[in-house]
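The values are calculated or read from the model by the stated rules, or taken from the named source; none is laboratory data. It should be emphasised that the depicted structure is a prediction, and the values quoted were computed from it without experimental measurement. Virtual Cβ from ideal backbone geometry, glycine too; neighbours counted across all protein chains shown. These area figures cover heavy atoms from the full protein model, side chains too; ligands, DNA and RNA do not enter into them. Shrake-Rupley method; radii C 1.70, N 1.55, O 1.52, S 1.80 Å.
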Amino acid sequence: QVQLVESGGGLVQAGGSLRLSCAASGGSFSAYALGWFRQAPGKEREFVASITWSTFYSDSVRGRFTISRDNAKNTVYLQMNSLKPEDTATYYCAARYGAPTNSWLSRAETYNYWGQGTQVTVSS
């Protein structure tokens, strides 16, 4: 069983930065495909970024957010720069074994394991 715990959320002004972390336990971390999703109130869960041996981003965050992983620390990160009020959401990390294509990695149903989420609020 894989457990994921997110941290690093908070309140930031527009234009600011935050770095989210997601620590994993259980299983073989280096074999996971990892993703970040977000969900704003009243909206569906939305893909943000994924990482296997390469990275993939949604159009809305490409160029502003960077996903990375540290296999030695069993941790995946999401560096968020130039934040906008529309980035306000609860951010979730997700994991699954294997490395499906990017089209699959952008779908929430692809992932088997989810964290509890961390809130990011961007004020204007």
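For the reader, a short list of remarks on this structure follows.
- Simple label model, 7 Å out from Cα along Cβ direction - E44 to Q119, nm: 2.5
- Think of a 1.4 Å ball rolled over the protein heavy atoms: the chain then has 50 Å² of accessible area per residue.
- For the stretch 1-121, share of DSSP beta bridges that run antiparallel, in % to the nearest 5: 95
- Inter-probe distance in nm under a simple model that places probes 7 Å from Cα toward Cβ, at L11 and N81: 2.6
- Within the chain, helix-based [θ] at 222 nm, where runs of 4 or more DSSP H residues each add -39,500 (n - 2.57), nearest 500: -500 deg cm²/dmol
- Carbon and sulfur %, accessible surface of the chain computed with the full protein complex present, 1.4 Å: 47
- Label-to-label distance, nm, for residues given as S103 and K73 (7 Å Cα→Cβ offset): 3.5
- Kirkwood Rh in Å, taken over all unlike Cα pairs in the stretch 1-90: 13.7
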